[in-house]
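The block underneath contains the structure these notes are about, expressed in structure tokens.
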Amino acid sequence: MSSHSEILTVREKVGYSLGDLAANLIFQTLMTFLAFFYTDIYRIPAATAATIIFVVGMLGAFVFTPLVAVLADRTHSRWGKFRPWILFTAIPFGVLSLLAFTTPDLGPQGKVIYAATTYTLLVLVYAANNLPYSALSGVLTGDMGQRNSLSAYRFVAVMIAQLVVQSLLLPLVLILGDGDRVQGFQNTMLLFAVVGTVFFLVTFLTTRERVVPAQEQKTPLRQDLADLVANRPWLILLLVTILVFTTLALKGGTYVYYFEYYLDEPSMARFLHGIGFYALLGGINSALTGMGLAGFQLPEDATTAAFGLFNAGGIILMVVGIGFSKKLADRFGKRDVFGVFLLLSTLFMLAFYVIPPQRIGLVFLAQICHGFFYGVTIPLLWAMVADVADYSEWKNHRRATAIIFSAILCGLKVGLSVGGALVAGILAHHGYNADLSAQAPETVDGIRLSVSLYCSLPFLAAVALLFFYKINKPMESLIERELAERRVAQAA
């Protein structure tokens, strides 16, 4: 493979990272609000919503993702292999994002068909956009330092999108819908769709593929798959990935119900007033009015405001935790740091079950502690995938990075689909009724179990699996040293 170690300009790094921001505006919305949108906005029964989310997610993981991977690897155009996919999916991605959160009155059966159809098409076009986008990072430059720098820009973009969706989406829904959540969701997704389409086009226009594959003998696919199945660390990491993303989707999708139906609204209002949040909100709204933007007043509804602040606090502490990740991993090894901090983050999720609905301060404290400890683990999972690729090369004398990463990506989608379906499935099991302003006690208890015990079980299972993952700090060093020696010998 011929690679050119060229320095990427800030313009190209920013342009590329905007694609991740665009994709995550939709991805984070699906992960956090799709079940809520189906049950509370579009009024689809919770059990039916669970089925749609699960079945379509499995299609995305096991049909759409492999199909796009095969086609993208065989794409040849004047723009390269991967950039055309970003160009030609930009507008369909935006249109389908809007349609998936639109609520035509089609009757009970028509609603289900419409939701399943639009979500399936959105998942298909997401795969057609996101897989080539991810692969593009490997052909922009052959310089590993530049790739690491590019990853840092991407991380910032993802955090911005996560902060916007988890902290500002519900306020935007109320603002853009003038209090009508149905119209608000549609208008908010229209905004996200327009911004996302523009950002994808910017990514296409500002990037250039420089690393061109050489014609060389390739390992048969059958051999790659055999190596993969025999790679025990990969199998363990695949299961860990599924479990981790099951929890992320389950807790992310259930928090909105936790605030709506479990936490005490007057207590949330008192908490926000006590920490000065309402004073800050009033100042912002006064400034908006002074600028002639009275129509964009931030809502002072206690549940909406507390939910946004809760998510923002968790995300900010995740960023802080990420800052400690590399030093800890360098000293103690990725496996041990990942396992310990995943366990610590789980303890603060379990705390949600015992916190009374009036103790809002404790809810926020548990969230920011969970965010910090989980943040330490975020970069380590993907670094461990790269270690598994090195382990495969070290053991088999063949490198199969792409198939290892694509298989782990399928595991990610399985976890998100299972977790997203569990949100609606658990609600249905506990008798959730979106037409009620207050849920039955057993339903509320199911919501509380979802954000605590049910979310914690996959994390705890992942921690247990790591005891069987043998790539610890000494083995990392051994693999790195021996691979370096082989490559020097091969070059000689």
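Readers should treat all values here as calculations from the given coordinates under stated rules, not as data from a laboratory. Everything quoted here is computed from the prediction, not taken from an experiment.
What the table shows:
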| read-out | value |
| --- | --- |
| Diffusion constant of the chain at 4 °C, which comes from Stokes-Einstein with the Kirkwood Cα-pair radius and 1.567 mPa s, µm²/s | 54 |
| Gyration tensor verdict on the range 7-208 (Cα atoms; rounded if a/c is under 1.5, prolate if a/b is larger than b/c, oblate otherwise) | prolate |
| Interchain or long-range residues, amide H under 5 Å from Ile471's placed H | none |
| Normalised contact order of the range 7-208, rounded percent, pairs of Cα under 8 Å and 6 or more residues apart | 43 |
| Over the chain, relative contact order from alpha-carbon pairs under 8 Å, at least 6 apart, % | 25 |
| Hits among lysines - C-alpha to C-alpha of Lys13 under 20 Å, sequence gap 8 or more where chains match | Lys81 |
| Compactness of the range 222-492, expressed as Rg and Dmax over alpha-carbon positions, Å | 22.5, 73 |
| Karplus 3J(HN,Hα) series, Hz, for the range 22-39 with 6.51 cos²θ - 1.76 cosθ + 1.60 (x for Gly, Pro) | 4, 5, 6, 4, 8, 4, 5, 5, 4, 5, 9, 10, 4, 4, 4, 4, 5, 7 |
